[in-house]
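First up is the structure itself, then whatever we jot down about it.
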Amino acid sequence: MSETKSFLVLNRHAPYASNFAKEALDVALMSAVFNQKTSLLFMDDGVFQLVRSQDPSEIQHKNCSQTLPMLEMYEVRHIYVDEISLNERGLSEEDLVIPAQRVNAQEISQLLTRQHVILNF
Amino acid sequence: MLPIQALTDKEGYLKRLSDWSEDAAVTIARDEKIELTAAHWEVIWLLREVHREYQHTPVTRVFIKIMAEKLGADKGRSLYLMRLFPETPMRKACKIAGLPKPTNCI
Amino acid sequence: MILHTINKSPQNPALKTCLRVAAKDSAILLIEDGVYAALPGPDLEALLQHKVYALAPDIKARGLLEKLSPQITLVDYSGFVALVEQYDTVQSWY
């Protein structure tokens with residue numbers, strides 16, 4: 001195994017209209033299995049992936065929000081959410097299915113800068 | 001009951017999760033040359049429960065951690081899982097538990 | 001340093017969000033519908049805080065050659081590749 005790299009999985013799209021949410025989560029879990037330093041950041045409509053009480057059974061979709069708590073078991077501990085994207089959509093921490101650290105523009109800027117790899121979904 | 005071959009794909013995994021039953025598990029296990037004991041059942045039920053709750057089959061390392069938590073530290077070891085489901089434990093356990101083939105077996 | 005690429009028109013949140021979090025020293029490359037951000041508009045001033053490139057074939061295709069801000073540098077496909085090599089990370093906003 002090569003050296004550890006920092007991976008940021010950046011989620012900017014709402015769930016269900018595309019497969020991005022599922023693919024992003026698969027990549028995040030797999031990179032964690034390979035001992036990479038994995039973080040996730042949710043921005044723009046991507047914050048909707050974190051909303052509680054999703055039930056896509058009637059639209060024949062897998063419920064990725066149920067898989068989100070697995071991140072902790074894979075030891076992915078850095079989960080960030082853009083506070084402006086949350087505010088713009090009238091969401092707060094209580095609406096989220098897993099705890100995520102609120103970050104501002106300055107913190108996101110630093111977060112992006114210190115990654116080896118940014119994976120966009 | 002239909003012959004199990006009618007319900008499984010060519011690798012022996014159930015095509016529809018809803019076709020699973022305890023009888024189906026016994027039949028699939030027999031094809032894998034495994035005689036199910038209480039120790040096997042405990043793991044099968046746990047795996048099904050994890051899959052239902054998280055919509056995800058964890059990798060071996062993570063499942064073993066969950067086994068340690070739920071079944072006790074003495075059972076949360078890869079050797080223990082390997083003894084129950086030899087060679088490719090997660091694949092065999094998933095097959096018998098009526099879950100999709102794990103996408104990886106790390 | 002990061003090269004940000006944007007391929008959506010300024011109506012999409014991609015541009016606004018990118019501008020909000022892009023570090024001052026990072027550059028922005030406009031491609032596909034992202035090139036519409038090169039026209040005078042509410043976000044142009046914020047955009048021009050950065051070094052800005054636009055993909056010439058996409059600008060030409062959309063008839064924007066005469067309209068784009070003079071501070072924006074046009075690049076062709078090989079220029080695009082050179083930029084990708086020049087920066088540490090490419091971040092695509094789509």
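The values are calculated or read from the model by the stated rules, or taken from the named source; none is laboratory data. Values in this document were obtained by computation on a predicted structure and should not be read as measured data. Note: ideal-geometry Cβ built from the backbone for every residue, glycine included; neighbour counts use all protein chains shown. Side chains included, ligands, DNA and RNA excluded: accessible areas come from the protein's heavy atoms. Shrake-Rupley method; radii C 1.70, N 1.55, O 1.52, S 1.80 Å.
Treating only the Cβ of Lys, Arg, Asp and Glu as charged (+1, +1, -1, -1), what charge dipole size does chain A show about its Cα centre? Round to the nearest 20 debye.
Numbers: 10 positive and 16 negative charges, 74 e Å.
Using only the charged Cβ atoms, the result is roughly 360 debye.
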The correct pair for the protein assembly as shown, radius of gyration to one decimal and Dmax as a whole number, both in Å and from Cα atoms, is 24.2, 78
Per the helix-only calculation at 222 nm, which mean residue ellipticity applies to chain B, given -39500 (n - 2.57) for every DSSP H run of n ≥ 4 and division by its residues, nearest 500 deg cm²/dmol?
-15500 deg cm²/dmol
On alpha-carbon atoms, Rg over Rh for the range C:2-93 using Kirkwood Rh?
0.92
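Using a simple charge model, +1 on the beta-carbon of Lys and Arg, -1 on the beta-carbon of Asp and Glu, nothing else, what dipole does chain B show about its Cα centre, in debye to the nearest 20?
Values: 17 positive and 14 negative charges, 66 e Å.
Charge dipole of chain B: 320 debye, to the nearest 20.
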With point charges of +1 on the Cβ of Lys and Arg and -1 on the Cβ of Asp and Glu, referenced to the Cα centre of chain C, which listed residue (C:Thr73, C:Pro40, C:Ser26) lies farthest in the positive direction of the dipole?
C:Pro40
With Cβ to Cβ distances under 14 Å as the rule, what net charge do the other residues near B:Leu14 carry (K, R +1; D, E -1)?
+1
DSSP loop (so not H, G, I, E, B), at most 13 other Cβ within 10 Å: list which trypsin sites (Lys or Arg not before Pro) in the range C:4-94 pass both filters.
C:Lys24, C:Lys67
To the nearest Å, what is the center-to-center distance of the range C:3-24 and the range A:1-64, using C-alpha atoms only?
21 Å
Based on C-alpha coordinates, I'd like the Rg and Dmax of the range B:4-96, in Å.
12.7, 39
Restricting the range A:1-97 to chymotrypsin sites (Phe, Trp or Tyr not before Pro) in coil, as DSSP defines it, with at most 15 other Cβ within 10 Å:
A:Phe34
Total charge dipole magnitude, chain C, about the Cα centre, Cβ charges on Lys, Arg, Asp, Glu only, Debye to nearest 20
220 debye
Just flag the trypsin sites (Lys or Arg not before Pro) in chain B sitting in loop per DSSP whose Cβ has no more than 14 other Cβ atoms within 10 Å.
B:Lys10, B:Lys15, B:Arg16, B:Lys33, B:Arg77
Computed E for C:Glu85/A:Gln110 - FRET, C-beta separation, R0 22 angstrom, nearest 0.05
0.35
Distance from the Cα centre of the range B:81-98 to that of the range B:1-66, in angstrom?
8 Å
Go through C:Ser92, A:Ser39, B:Ser18 and list them by solvent-accessible area, largest first, probe radius 1.4 Å.
B:Ser18, C:Ser92, A:Ser39
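Give me the accessible area buried between chains A and C, both sides summed, with a 1.4 Å probe, in Å² rounded to the nearest 100. Show your work: numbers first, answer last.
On the way: alone 7040 and 5290 Å², together 10990 Å².
That pair of chains buries around 1300 Å² in total.
Helix-only estimate, please: 222 nm mean residue ellipticity of chain C, summing -39500 (n - 2.57) across DSSP H runs of length 4 or more and dividing by its residues, to the nearest 500.
Numbers: 4 runs with 29 residues, N = 94.
That calculation yields -8000 deg cm²/dmol at 222 nm.
Report the Stokes-Einstein translational diffusion coefficient (µm² s⁻¹, integer) for chain A, Rh taken as the Kirkwood radius over Cα pairs, at 25 °C with viscosity 0.890 mPa s.
Details: Rh = 14.5 Å.
The Stokes-Einstein estimate is 169 µm²/s.
Per DSSP helix of 4 or more residues, -39500 (n - 2.57); summed, then divided by the residues of chain A. What does that give at 222 nm, rounded to the nearest 500?
Working: 4 runs with 33 residues, N = 121.
Rounded to the nearest 500, it is -7500 deg cm²/dmol.
Could you work out how much longer the chain between C:Glu45 and C:Ala23 gets when fully extended? Use 0.36 nm per residue separation minus the Cα distance between them, nm to one decimal.
Numbers: separation 22, 0.36 × 22 = 7.92 nm, distance 1.53 nm.
Working it through step by step, the gained length comes to 6.4 nm.
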Dipole of the protein assembly as shown, positive end: most advanced residue of B:Ala38, B:Leu99, A:Tyr80 [Cβ charges, Cα centre]
B:Ala38
For chain A, set up a GNM with springs between Cα atoms under 10 Å and report which of A:Leu40, A:Leu71, A:Leu91 has the largest fluctuation.
A:Leu91
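Taking the DSSP beta bridges in the protein assembly as shown as the whole, what percent of them are antiparallel, to the nearest 5?
Values: 2 of 34 bridges.
Percent antiparallel among DSSP bridges in the protein assembly as shown is about 5.
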